[in-house]
Amino acid sequence: MTTSLVGGPALAQTRRIVTEIPGPRSVELAQRRAAALPAGLNSAAGVFIAAAGGGVVVDVDGNSFIDLGSGIAVTTVGNSAPSVVGRAAEQLARYTHTCYLNIPYEPYIEVAERLNALTPGDHEKRTALFSTGAEAVENAVKYARIATGRDAVVVFDHAFHGRSLLTMTMTAKNQPYKHGFGPFAPEVYRAPMAYPFRWPSGPQNCAAEAFSQFQTLIDAQLGADQVACVVVEPIQGEGGFIVPAEGFLRSVADFCRDRGILLVADEVQTGIARTGAWFASEHEGLVPDLITTAKGLGGGLPLAAVTGRADIMDRAHSGGIGGTYAGNPVACAAALGVFDEIERNDLIGRARDIGELITRELRGIAARTDIVGEIRGRGAMIAVELVKPGSREPHKDAVAALARHCHDNGVLVLTAGTFGNVLRFLPPLSISDELLTEAFDVIRDGFASL
């Protein structure tokens, strides 16, 4: 049994179930939650956390779960990673807030300098910091609109960009993200995503046909001179870890450049070492005009960013972009700790190793079942899409049953997909191979029980 330092006592890196799931303390807290919180703020896990670190989450009843979700790709470097805790605690003791637009501070500049250096492209860049991924995406659109003088925004099927009015509009999936919350923002248009597994004429035609439809939408229906930006996830997250067909994103990028349309890469879930590169755009050879980051950037503290070409970012007038908490100094310090952890421990390489292990385990499972439609992803961002035997019909019930089996047996997993039929894996990069292998023993048993 190994241990992990989590800013204090060592946390045993083990799977351990000592009560029913949920346990009595979690049940008590769930009752308090029901009395104090809106009904919609519920959790599929059913347990309440007491501690986390390395590759485990320990609940209030003493059950220790293997973590394959990282708080939805937020604790990429590990929960309470030493450098994150150390830097944030030191900053917390100095000052907690001034509002950067009121009294600026150095940690904000340091984070911006790091992102300017790390994001793809050797052009001059600028970075603005925010608090959430949705806020970053929304401000990227604002930058694109003021820089181009155009209004229209093009997004894709299966996309997820956030829950604010604009980003909810940009998000594709109705339930649970949009249902009942309209009317929606204007001037947002949707193009087909090159989704190889579900492309009607087959994966071999996917890239070319999807691009043709994208081009027709903009040139014939919208008018390219009306489009400010195209916003795309290099790997679609909530949509089911869809990796676009090879060559599609490259064609989209070239088209945008030819038409004077800005390309925005939404790397909120894919960025900051998650896919085995600093940014998933690198796998496609993309140099976006603007890149949004969040989730893994702050190591668990709320921090987001828009990084882009200097000539675009400098177009917004003074006071037009910002926010009271945007670029909070403690969150900035935590982000510098994230960069330390990634570089000191070669977590980019670790993400690739994790991806190989997960893919190998899933292929072994696929060889023994007829419900695995596709295994896909990059680095430590891997998913399996489940289908009903002999078809491509989404098998949502199987995913729900697997998630329940995993939770009941000490493994925390996440579901995804437009059709709810994708099991996704986002483990912290601090997890051990031993824990990953043990987690897949549980997952394998879950598939066998189906």
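Each value in this text was obtained by applying a stated rule to the coordinates, not by laboratory testing. From a predicted model like this one, the values you see are computed outputs, not experimental measurements. Using ideal geometry, Cβ is built from the backbone for each residue, glycine included, and neighbour counts are taken over all protein chains shown.
List of remarks:
- Order of Trp278, Trp199 - criterion: other Cβ atoms within 10 Å of each residue's Cβ, fewest first: Trp199, Trp278
- Averaged over residues, the count of other Cβ atoms within 10 Å places the peptides 383-391, 134-142, 310-318, 421-429 in the sequence 421-429, 134-142, 383-391, 310-318, highest first.
- Once both labels are positioned 7 Å from their Cα atoms along Cα-to-Cβ, the gap between Ala117 and Tyr95 label points is 2.5 nm.
- For Val287, residues with placed amide H under 5 Å, excluding near neighbours: none
- Model label sites at Leu450 and Ala34, defined 7 Å from Cα along the beta-carbon direction, differ in position by 3.0 nm.
- Whole-Hz couplings from phi, Karplus 6.51/-1.76/1.60, listed for segment 270-287; x for Gly and Pro: 8, x, 6, 6, 4, 9, x, 8, 4, 9, 5, 4, 5, 5, 9, x, 8, 10
- The charge dipole of the chain, taken about its Cα centre with unit charges on the Cβ atoms of Lys, Arg (+1), Asp and Glu (-1) only, comes to about 700 debye.
- Cut-off 16 Å, label 7 Å out along Cα→Cβ of Asp225, residues of segment 148-167 by amide N: 148-152
- Positive-pole candidate from Gln13, Leu423, His407, dipole of the chain, charges at beta carbon: His407
- Residues whose amide H falls under 5 Å from that of Val56, counting only those 5 or more places apart or on a different chain, are Asp67, with hydrogens built in the peptide plane.
- The trypsin sites (Lys or Arg not before Pro) found in segment 345-421 that occupy coil by DSSP, while having at most 11 further C-beta atoms within 10 Å, are Arg368.
- Asp151 versus Arg250: modelled label distance in nm, points set 7 Å from Cα along the beta carbon direction: 3.6 nm
- Restricting segment 240-294 to GluC sites (Glu not before Pro) that sit in a DSSP loop and have at most 15 other Cβ atoms within 10 Å of their own Cβ leaves Glu246.
- Across segment 348-362, rounded Karplus estimates of 3J(HN,Hα) from the backbone phi angles (6.51 cos²θ - 1.76 cosθ + 1.60, θ = phi - 60°) give 5, x, 5, 4, 5, 5, 4, x, 5, 5, 4, 4, 4, 5, 5 Hz, Gly and Pro being marked x.
- For the peptides 113-124, 175-186, 336-347, the ranking by packing is 336-347, 113-124, 175-186, with the highest mean count of neighbouring Cβ atoms within 10 Å listed first.
- Under the Karplus curve 6.51 cos²θ - 1.76 cosθ + 1.60, θ = phi - 60°, whole-Hz ³J(HN,Hα) for segment 247-253, x wherever Gly or Pro sits: x, 5, 5, 5, 5, 4, 5
- Value at 222 nm in deg cm²/dmol, rounded to 500, when DSSP H runs of n ≥ 4 in the chain each add -39,500 (n - 2.57): -11000 deg cm²/dmol
- Between segment 80-123 and segment 379-450, the alpha-carbon center distance in angstrom: 35 Å
- DSSP finds beta bridges in the chain, and of those with both partners inside it, around 70 percent are antiparallel.
- Between Thr369 and Gln215, the C-beta separation translates, for a Förster distance of 35 Å, into a calculated FRET efficiency of about 0.35.
- Distance between segment 140-201 and segment 288-336 - C-alpha centres, whole angstrom: 21 Å
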